Amino acid sequence: MQHLVDNKKATGVDLRGGKRTLTGKTDPASIQALNDYHHDKYDVPAADVLCNAWKPLFIAIYGAP
């Protein structure tokens, strides 16, 4: 995310929500939760949880759809 801000592809304000979601400890779309989904075959995320978490970052990288 810092790379996007440094290269003026997004502002810190634009990515604040995504950063909060991904770095939170209890959010179902956090980096920790993603790690758990990968290593625990019985812990499956809902598609909307992942889409909502990662969408701001993908838009910042690739542009709006």
Report task. Out of the residues in region 1-21 that are touching a residue at least 12 places away in the same chain (Cβ under 8 Å) and out of contact with any Leu (no Cβ under 8 Å at 6 or more places or on another chain), state the one that is nearest to I61 (Cα to Cα). Result -> K9
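For every residue, the table says whether it meets (1) surrounded by 16 or more Cβ atoms within 10 Å (Cβ to Cβ); (2) in a helix (DSSP H, G or I); (3) of a type in the set (D, E, K, R); (4) out of contact with any Gly (no Cβ under 7 Å at 6 or more places or on another chain).
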site	(1), (2), (3), (4)
K8	no, no, yes, yes
R16	no, yes, yes, yes
P28	yes, no, no, yes
Y42	no, no, no, yes
C51	no, yes, no, yes
Query - Members of region 1-60 found to be of a type in the set (K, R) and either in contact with a strand residue (DSSP E or B) (Cβ under 6 Å, 6 or more places away or on another chain) or at pLDDT 85 or above (or both), listed by number - result: K8, R16, K41
Query raised in the report: Which of (1) surrounded by fewer than 15 Cβ atoms within 10 Å (Cβ to Cβ); (2) out of contact with any helix residue (DSSP H, G or I) (no Cβ under 8 Å at 6 or more places or on another chain) does T23 not meet, given it meets every other one?
Result: (2)
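The values are calculated or read from the model by the stated rules, or taken from the named source; none is laboratory data. In this text, all values refer to a predicted model and were calculated from it rather than measured experimentally. For neighbour counting, all protein chains shown are included, and Cβ atoms are generated from backbone atoms with ideal geometry for every residue, glycine included.
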